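All remarks here apply to the structure that follows.
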Amino acid sequence: MEKRKVVVASDKYKGCATSPEVCEQLERGVKSIAEGWEVVSLPQADGGEGTVEALVEALDGEFVESTVKGPRGGSVTARWGYLSRDDRGDAAVIEMAAASGLALLEPEQQDPFKTSTYGTGTLIRKAAEKGAREILLGIGGSATVDGGLGAALALGFEIKDEGGWTVEAAGEELERAAEISDGEVPDEVKELQIKVACDVTNPLLGEEGAAAVYGPQKGADEEEIPRLEENLARWAGLVENYAGRELRDEPGTGAAGGLGFGLMGLLGAQLTGGAELVADLTGLNSELENADILITGEGAMDAQTAFGKTPQVVAERGREAGVDFIVGVAGAQGEGYRELYDSFDLLVGLPRRPMTLEESMAKTFDALYDWGADIARIDNCRQENR
């Protein structure tokens, strides 16, 4: 069997396996058949749940736990990642959902007028104090529509009402905000390079904006949407005046209740595709330069995968690098998955026989191992038939 280089760069299988676990099982399967092959595992993510774990694993970082305010003010313990880097300064990986996520609340607690991004801002500040010079922030799963007001307060910005009183950390406080100043923001915070992983293009305001699209998901009813919109419009004016430029129509500023908008205006953050960002950080391109086989995937692959999801981003980079055999392994193949064959040579689903979803999920690790082995076998046949 000709020696080959294999890159395994998969996202998680939600509810079944983390991205490091997926990559490990596929790698073990390949090596069970092709012991002499070089196999490189680079766990991937899209900026949402699992991003911290994927990057800490791929870049040999460390996990940090911090107690911060949750979305309604109570204490939560949030885990984030710290990456020590000699070449360009240390970085921190933070998932907004860990401190300001909807999953931290019971349904009856969900209320965008009461929730806040204060805990997320605290994590960013703690990372800066620890020595991070770059923040990689995933903003999926938020419970908030506060435009980043809470995060700004945690980072040291002074936000006052028309009477000179400091506003509180809650979405409803946007109604009072009238003045922003940064005199109390630490230098290490001002100097941060913040990259926000954002995979939606919604603007801050309007029919496709944070209030109209995401407000109902976070507890607002139809009658409350106009109030949320008015609050965000007021806040947008303040932040844009501080920044000296208009930002409200920038793609992605409506994500996570406007947190990206606030960080762009106040600290010059950049919004970028999550899967693209993680691929860059893990050095995927350099590993693909001399790779023969690329294996990627996620829990479900369908027609929507083509729109910037991890497997598509990874496969496109493989094509650009001239990888000979690109395989997508999915927990399930949904409608339209064959449309992905422009980027893939082979697409497979984990189940080998009819089974329930519960049984399939329980057998995820075994199935991944088996497919890793079979991909090595298939590639060997391809080589012999050339």
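Values quoted throughout were computed directly from the atomic coordinates according to the rules given, and no laboratory measurement underlies them. Please read all numbers here as calculations on a predicted model, not as lab measurements. Heads up, the Cβs are rebuilt from the backbone with ideal geometry, glycines too, and the neighbour counts pull from every protein chain shown.
Odds and ends about this structure:
- For the residue pairs 12/190; 126/160; 69/160; 5/309; 12/69; 126/218, the C-alpha atoms sit more than 31 angstrom apart in 12/190.
- Of the residues 21, 2, the one with the fewest other Cβ atoms within 10 Å heads the list, and the complete ranking is 2, 21.
- Extension gain from residue 35 to residue 242, taking 0.36 nm per residue of separation minus the Cα-Cα distance: 68.6 nm
- Dipole magnitude (debye, nearest 20) for the stretch 25-107, charges at Cβ of Lys, Arg, Asp, Glu: 320
- For the stretch 97-190, chymotrypsin sites (Phe, Trp or Tyr not before Pro) are listed when DSSP marks them as loop and at most 13 other Cβ atoms sit within 10 Å of their Cβ; the list is 165.
- Selection from 209, 194, 273, by position along the positive dipole direction of the stretch 51-275 (Cβ): 194
- Order of 319, 4 - criterion: other Cβ atoms within 10 Å of each residue's Cβ, fewest first: 319, 4
- Summed side-chain charge close to residue 95 - residues other than residue 95 whose Cβ falls under 15 Å, Lys, Arg +1, Asp, Glu -1: -2
- With 0.36 nm allotted per residue and the present C-alpha distance subtracted, the residue 75-residue 60 stretch has 2.5 nm of extension available.
- Positive-end residue, the chain charge dipole about Cα centroid, Cβ charges, pick of 163, 84, 142: 84
- Distance between modelled label sites at residue 304 and residue 289, nm, 7 Å Cα→Cβ extension: 3.7
- In this calculation the C-beta distance from residue 129 to residue 280 is compared with R0 = 25 Å, giving a FRET efficiency of 0.45.
- Placing R0 at 25 angstrom, the Cβ-Cβ distance between residue 335 and residue 223 gives a FRET efficiency of 0.10 after rounding to 0.05.
- Among 104, 149, the ranking by other beta carbons within 10 Å of each residue's beta carbon, starting with the fewest, stands as 104, 149.
- Charge dipole (debye, nearest 20) of the stretch 51-275; +1 at Cβ of Lys and Arg, -1 at Cβ of Asp and Glu: 440
- Helix-only mean residue ellipticity at 222 nm for the chain, each DSSP H run of n ≥ 4 adding -39500 (n - 2.57), per residue, nearest 500: -10000 deg cm²/dmol
- Simple Cβ-charge dipole of the chain, Lys/Arg +1 and Asp/Glu -1, about Cα centre, in debye nearest 20: 840
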